[in-house]
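J.: Please see the structure below; I have some questions.
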């Protein structure tokens, strides 16, 4: 499933209070822990993130203490004793078998020794797959059989939506629209390679004018730099959004993606959205208008721009027919 589908599924478990343990499988850097954090925030749940690969058995089991002639286990302070939340066991299959064995009781019985997990806490785990070249241990079948298993795959449409919401540089989003296979491309030849996580790292470097190849690798960085030179040759996005006439739609495919994604990133209000729609409707083929509006859709809904857009677009015979098509996209 995509990150968005995973988010919806986990949200459903929260809404229906299904406390079955969950195992999320996916490649490194595609957003497993980010999805868990977003779900927790949506449902106002606490998150305790335990990296099991960094724990020893006694870290999870606790330490024995003597009381009244009997040794008792003192549980670690990071395990919850009240409230509601998500106990997130990250990197579970990178943990040695001894640690996985102790976690098994927590996953199945919601307890370790005398410690009992509070009733309103979910137990979710995550790990990488063997084919992702991650250093993992085999998960015992008895442990695996105690989970609901969810596989997450990389999704450019989800990353693009995330990028618009979190101010990822429009050049990155436009480049990945043109080269979506480079959103996640793990290689053996380089320590650095592109993934949703490393593109976020690259975004921080790009904002500061710092070389981004240490985040995404040399080969991808060279391609991105070449794309940025194309981006500098684009027609004026500000001019399009202000209604300037006579601006032509580019012929080169990379420039087409760049101008449309640039328009999405820089559209700040309903009037600018209308100007972009009018320009694309007049200058470009329908699929580019559809790409623009579908990417802008979350902002149109969140900020309730559509009534104002309908009013202006309906006043022109040339664009009146667009209103029904755009409304269908919103309702869909």
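J.: I need the strands (runs of 3 or more DSSP E) fully contained in the range 31-78, keeping only those with at least 1 residues that are within 20 Å of the chain's Cα centre (by Cα).
T.: Hits in the range 31-78: 46-51.
J.: Of the residues 289, 297, which is at pLDDT 80 or above and either outside any helix (DSSP H, G or I) or surrounded by 18 or more Cβ atoms within 10 Å (Cβ to Cβ) (or both)?
T.: Matching residue, one of 289, 297: 289.
J.: Another question, if that's okay. If you take the residues of the range 79-109 that are in a loop (DSSP other than H, G, I, E, B) and within 29 Å of the chain's Cα centre (by Cα), which of them is surrounded by the fewest Cβ atoms within 10 Å (Cβ to Cβ)?
T.: 83
J.: Which residue pairs have Cβ atoms under 6 Å apart, sit 6 or more places apart or on different chains, and have a first residue in the range 199-222 that is touching a residue at least 40 places away in the same chain (Cβ under 8 Å) and a second that is loosely packed, with under 12 Cβ neighbours inside 10 Å?
T.: Final answer for the pair search is none.
J.: Now for a different question. I'm told residue 124 meets every condition in (1) outside the structural domain of residue 222 (by TED's automatic domain parsing); (2) assigned to a helix (DSSP H, G or I) except one. Can you identify the failing condition by its number?
T.: (2)
J.: Name the one entry in 230, 212, 247 that is under 16 Å from residue 175 (Cα atoms), surrounded by fewer than 19 Cβ atoms within 10 Å (Cβ to Cβ) and in contact with a helix residue (DSSP H, G or I) (Cβ under 7 Å, 6 or more places away or on another chain).
T.: 230
The values are calculated or read from the model by the stated rules, or taken from the named source; none is laboratory data. Quantities reported herein were computed from a predicted structural model and do not represent experimental measurements. With ideal geometry, Cβ positions are generated from the backbone for all residues, glycine too; neighbour counts draw on all protein chains shown.
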